[in-house]
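The values are calculated or read from the model by the stated rules, or taken from the named source; none is laboratory data. Note that the structure is predicted; figures quoted are calculated from it, not measured. Don't worry about glycine lacking a Cβ; one is built from the backbone with ideal geometry, like all the others, and counts go over all protein chains shown. Note: areas computed on protein heavy atoms with side chains; ligands, DNA, RNA excluded. Shrake-Rupley method; radii C 1.70, N 1.55, O 1.52, S 1.80 Å.
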Protein chains: 2
Amino acid sequence: MNEIKIFSPATVANISCGFDCLGLAINDLGDTMVFTKTDDQKVSIKEITGANLPYDIHKNAASAVALAMLQKHPADFGLEVSIHKGFEPGSGLGSSAASAAGAAFAVNELLDKPFSQLELTKFAMLGEQVACGSPIADNVAAAIHGGFILVQQYDPLKIIKLPVPSELEVVAIHPQVTVKTKDAREVLPQNVPLADAVIQWANVGGLISGLYTNDYEVIANSLEDLIVEPARKHLIPHFDLVKEAAIRGGALNAGISGSGPTIFALCKGSETAKNVFKNINEVYANTGIDFTMVHSKINTQGVTILEKN
Amino acid sequence: MNEIKIFSPATVANISCGFDCLGLAINDLGDTMVFTKTDDQKVSIKEITGANLPYDIHKNAASAVALAMLQKHPADFGLEVSIHKGFEPGSGLGSSAASAAGAAFAVNELLDKPFSQLELTKFAMLGEQVACGSPIADNVAAAIHGGFILVQQYDPLKIIKLPVPSELEVVAIHPQVTVKTKDAREVLPQNVPLADAVIQWANVGGLISGLYTNDYEVIANSLEDLIVEPARKHLIPHFDLVKEAAIRGGALNAGISGSGPTIFALCKGSETAKNVFKNINEVYANTGIDFTMVHSKINTQGVTILEKN
């Protein structure tokens with residue numbers, strides 16, 4: 001194989017009660033990336049479209065991942081990378097994670113698959129480190145594995161792929177405002193009441209049980225976040241309005257995607273999701289803030305191959 | 001039916017990471033109780049063996065539950081209750097819960113089953129309120145439903161029955177010391193670091209996933225308690241010694257049952273559980289503190305009928 005073109009999905013992390021441990025992949029939103037072997041044993045970025053991202057190979061998440069992989073598994077070729085962003089960085093939908101996970105997957109293919117999915121997740125985490133300053137696992141793990149994932153443990157890293165009820169769909173709105181990751185981190189409480197933590201982990205338990213049993217009522221009931229959402233939602237204009245519109249439309253619930261500003265809603269079935277999309281679209285159109293929206297099934301495959309030569 | 005004799009299991013609550021929300025029922029330890037219809041429309045306690053518990057029908061967990069049920073669902077008969085405790089109150093194995101759950105189940109049978117399992121759990125919680133001052137759900141829900149249960153939510157009460165991997169067994173040691181529930185509550189931190197709470201809820205997620213997938217490695221890896229065990233273990237003499245002996249014997253992990261002093265260990269398979277039992281027995285025999293032990297499968301049925309006439 002000389003060249004591979006892949007699709008790497010956008011992802012929702014911090015799913016309500018599952019702050020810093022639960023993520024899911026979105027089927028119809030993500031990056032397209034092309035990795036081409038070169039003769040010079042170097043990594044270079046040929047083209048980036050759709051976003052203003054660094055061409056410096058040590059600062060770009062995708063090339064940084066490629067470099068780390070070639071260092072660990074030396075090859076007799078170099079790589080030229082083209083990145084076509086399908087959604088904006090800073091959205092809270094795992095932009096750097098999509099690039100990092102896409103690179104990990106594609107380079108592994110070009111190397112004849114020496115690495116496991118867990119190892120690919122670790123390489124992709126290096127891309128997160130480069131792009132965001134922190135080797136966060138939830139977005140990259142969701143992009144690589146697809147579906148719903150649980151980062152059960154960081155040291156050593158343990159990722160659990162959870163089942164996805166077949167009718168589960170996601171609606172997301174990305175208001176065109178900036179939420180700095182630093183600000184989103186700073187508003188978090190350092191300590192939380194034990195009583196709230198208990199409610200939160202009982203909800204994590206409920207959500208995961210609901211995913212295994214296709215119990216949408218349990219999922220809806222567990223999609224509550226007592227801790228992070230109340231601290232962060234004021235960073236996102238009209239968060240409550242969107243959440244109310246989503247629930248009124250029949251969503252299981254809604255929450256902050258990653259550290260925002262994107263707000264996601266989980267829905268049972270396409271009709272409900274369309275209704276939720278319409279409701280959110282209508283209320284946000286009146287706010288005067290530009291926004292984009294997506295309605296999609298959950299991606300269950302992770303990064304996928306579009307072409308190879 | 002004029003009389004019913006039931007077995008109500010002992011239970012482990014606060015299963016490691018699942019403080020205040022996860023419980024399980026022990027198959028081979030519990031109370032035997034007999035409920036006999038009388039003509040006088042009163043509730044009375046005929047006999048209590050195996051423990052020194054109140055005969056005052058408003059202060060005894062079992063009779064308090066029976067009274068509440070007859071108030072909600074009036075009958076043309078009264079009840080005489082005999083309670084044969086199979087394990088000691090104050091052990092941390094849900095003694096009052098066994099009595100309360102047993103009463104809820106038995107009275108429901110004598111009334112021709114007007115109440116659901118959820119309603120029975122709520123009645124049994126009244127027994128916990130009477131006996132312990134707090135309407136805790138985890139022990140009574142485990143005793144009524146059997147198996148592993150998650151108290152997903154208190155208001156309104158939502159109980160989820162989780163699957164039990166078939167080889168899962170429990171070993172428990174009850175050192176003959178007193179841990180007052182008040183003391184066990186007072187040592188708890190009111191606030192916990194968010195970072196620790198995240199680790200804890202990722203472990204709750206892992207444990208529940210492991211139960212659904214029969215993945216003993218994931219279960220073992222998730223049976224960690226960063227928050228409550230460190231705060232409480234000094235109330236239990238030689239806790240670390242027991243935990244080490246359990247793990248050395250091959251246990252998935254060990255933790256504090258309820259608010260102690262009982263220490264439980266979960267094991268994969270009978271041989272391992274026997275080994276763990278032997279290890280713990282040996283190390284505790286040298287401490288000079290009296291103790292009792294149990295080795296049992298997980299009870300998956302909840303309260304069971306032994307006889308009815």
Residues whose built amide H sits under 5 Å from the amide H of A:Gly86, excluding neighbours closer than 5 in sequence, are A:Gly30, A:Asp31, A:Thr32
Here the tail fraction of P(r) beyond 14 Å, over all Cα-Cα pairs of the stretch B:146-189, rounds in percent to 71
A 1.4 Å probe over the protein heavy atoms gives the protein assembly as shown a carbon and sulfur accessible-area percentage of 48
Rounded to the nearest 100 Å², the accessible area hidden between A and B, summed over both chains at a 1.4 Å probe radius, is 2700
Here the correct list, in nm and shortest first, of distances from B:Asp183 to the same site in the other copies, label points 7 Å along Cα→Cβ, is 5.1
For the stretch B:35-45, Karplus-derived ³J(HN,Hα) couplings (6.51, -1.76, 1.60; θ = phi - 60°; whole Hz; x for glycine and proline) come out as 10, 10, 5, 10, 8, 9, 6, 10, 10, 9, 9
Residues hit by the 50 Å² burial cutoff in the stretch B:177-218, accessible area with a 1.4 Å probe, assembly against chain on its own, are B:Val192, B:Leu194, B:Trp201, B:Ala202, B:Ser209, B:Tyr212
Bridge orientation stat for the stretch A:3-162 from DSSP, antiparallel percent rounded to 5, came to 80
Taking every residue of B:149-162, the Cβ atoms of other protein chains inside 10 Å of its Cβ average out to 4
Once B:Glu109 and B:Val177 are pulled to full extension, the length gained, defined as 0.36 nm per residue separation minus their Cα-Cα distance, is 20.8 nm
Residues whose modelled amide H sits under 5 Å from the amide H of A:Lys42, counting only those 5 or more places away in sequence or on another chain, are A:Gly78, A:Leu79
With the 1.4 Å probe rolled over protein heavy atoms, chain B has an accessible area per residue in Å² of 38
With all protein chains present and a 1.4 Å probe, the order of B:Tyr284, A:Tyr154 from largest accessible area down is A:Tyr154, B:Tyr284
Placing each pseudo-label 7 Å from Cα in the direction of the beta carbon, B:Ile247 and A:Glu47 end up separated by a distance in nanometres of 5.5
Taking the label point 7 Å from Cα along the Cα-Cβ vector, the copy-to-copy distances for B:Gly78, listed from shortest in nm with one decimal, are 9.6
Taking chain B and counting helices only, DSSP H stretches of n ≥ 4 at -39,500 (n - 2.57) each over all residues, the nearest-500 ellipticity at 222 nm comes to -11500 deg cm²/dmol
Rounded to whole angstrom, the alpha-carbon centroid of the stretch A:103-150 lies from that of the stretch A:204-252 at a distance of 27
With Cα springs under 10 Å, the Gaussian network model of chain A assigns the largest mean-square fluctuation among A:Thr181, A:Thr121, A:Thr36 to A:Thr181
The FRET efficiency for B:Thr304 and A:Glu167, from their Cβ-Cβ distance with R0 = 41 Å and rounded to 0.05, is 0.65
Copies of A:Tyr154 compared via label points 7 Å along Cα→Cβ give distances in nm, shortest first, of 3.0
Each residue of A:19-28 has, on average, a number of other protein chain C-beta atoms within 10 Å of its C-beta equal to 2
Sequence order, the stretch B:155-166: Karplus ³J(HN,Hα) from phi using 6.51 cos²θ - 1.76 cosθ + 1.60, θ = phi - 60°, Hz rounded, Gly and Pro as x, gives 9, x, 5, 10, 10, 10, 8, 9, x, 10, x, 5
HN-Hα couplings for the stretch A:171-182 via Karplus (6.51, -1.76, 1.60; θ = phi - 60°), in whole Hz with x for Gly/Pro, come out as 10, 9, 10, 10, x, 7, 10, 9, 10, 6, 4, 4
In whole µm²/s, the translational diffusion coefficient that Stokes-Einstein assigns to the stretch B:223-309, given a Kirkwood hydrodynamic radius over C-alpha pairs, 20 °C and 1.002 mPa s, equals 152
The pairs in A:Lys122/B:Lys268; A:Lys59/A:Lys85; B:Lys46/B:Lys308; B:Lys85/B:Lys233; A:Lys85/A:Lys113 lying past 20 Å Cα-Cα in this model are A:Lys122/B:Lys268; B:Lys85/B:Lys233; A:Lys85/A:Lys113
Check: C-alpha center the stretch B:11-41 vs C-alpha center the stretch B:265-309, spacing in Å is 16
Of all DSSP beta bridges having both residues in chain A, the percent classed as antiparallel (nearest 5) is 90
In this structure, the FRET efficiency calculated for B:Glu3 and B:Lys72 from their beta-carbon separation, with R0 = 35 Å, to the nearest 0.05, is 0.95
With the stretch A:1-65 reduced to its Cα atoms and the Debye formula applied, log10 I(q)/I(0) at q = 0.24 1/Å amounts to -1.12
Expected sort for A:91-100, B:123-132 on mean C-beta neighbours within 10 Å, highest first, is A:91-100, B:123-132
